[in-house]
Structures are given as structure tokens and as C-alpha cells.
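The values are calculated or read from the model by the stated rules, or taken from the named source; none is laboratory data. Computed from a predicted structure; not experimentally measured. No Cβ is skipped: glycine too gets one built from the backbone with ideal geometry, and neighbour counts run over all protein chains shown. Areas reflect the complete protein model, heavy atoms only, side chains present, ligands, DNA and RNA absent. Shrake-Rupley method; radii C 1.70, N 1.55, O 1.52, S 1.80 Å.
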Amino acid sequence: FMIAPVIVIEFLLLPIFLKGVGMCILFIVVSLLVVDKLGPMDMLPVISIFMAFRTFIGTSLFSAVFTWALYKLQLFQMSNLSSAVDGMNPFATLRGDTSLLYKSVSAQATLMAVKQLFGYVVLGGMIILVFVLLDPFNHLHHRKLILSRKRFRGESTKGYRKRGISIADIPAASVPAE
């Protein structure tokens, strides 16, 4: 995805579409995870709090953080770019009016800040993705872990069961009669 001064809206169609698909998937999955173990009477208060946070509080909080970070990065990039540009610089005077330099330096500083901020967002997303992939949301049975290790090492798993002892293996005398 290109971040350049010559960008047109057609370059942003795929990122906008992917953002919409990602938000739909995120809303559906997180909503299902939140209300998975709840009964119908407990679900309504949880959903209302969840929707309020997701729609209002989360959006405004993260928009404010994103805007603040973009502003700070713009100031930092502006000071980096304009440190060597002044009226005595021969390259600056070749362009003509030195007051036009502020416009081009400001545009370049904004582009550099957006690139840097989106890089941080991508790195944060990768960290969250690694956490989601490595965190077992449903607890792994120890037998499954043992079987997985044995299969990985190439050892035989003959005689092992996934879920422990079955009812057929229990002697008839120890099974309670109904």
C-alpha cells in the first residue's frame, strides 16, 4: 500500500475493503466469545455494556491516541527535515521563494509520520496475532499434548487414547448398576 504525495483514492479501495471485513469479523467473533457461556437473562446487560464500549469509548479513546501520536511524530519529522533548510541553503534558494519550502517540508513530514505510525500499528498487530495464536483459549488436555509430542518425535502412539479411559475398559463389577 503506497503512501506518497501522488496517491489517489483508487489506491485505497483494497485497504478500506480489508478494514471493513476485518472489523466485521472482529465484532462477530468477540461478541460470540463474550456471550458464549451466558444465559439469555445475563446476556442483555453484558451486550449493552460491550456495545457501548466498542462503539463509543473504544473508538474515541483509540482515535485520540492515534491522533496524538500522529501529531507528535509530525513535529519530530518536521524538526528533522527542516533542521538543514534555511534561506542560505543553495538548494532551497534554487526553488525560488523560500516560504514555499514550508509546504513541501510539512507534506513530507506528514507522510513520514504516517509511515512510521502505520509501522507501529502493524508491529502491534503482529504481536497481538502471535499472542492469539499461541494462547490456548480452550485448555489443552495433557493426553493431547503427550500424543502431539510423540507424533512430532516420530514415536509410536499405539495404545494411547485421546480422552483417557473409556467405559468399555472398566470391568463390569466396578460399573454402578442403574
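Could you calculate the FRET efficiency of ILE49 with ILE128 from 1/(1 + (r/R0)^6), where r is the beta carbon distance between them and R0 is 22 Å, rounded to 0.05? Before the final figure, lay out each step's value.
On the way: r = 22 Å, r/R0 = 1.02.
That pair, ILE49 with ILE128, gives E of 0.50.
Tell me, what is the 1.4 Å probe accessible area of PHE131, in Å² to the nearest 10?
130 Å²
Leaving out ligands and nucleic acids, and using a 1.4 Å probe, what accessible area per residue does segment 1-81 come to in Å²? It would help to have the intermediate numbers written out before the result.
Working: 6520 Å² over 81 residues.
Computed with neighbouring chains in place, this is 81 Å² per residue.
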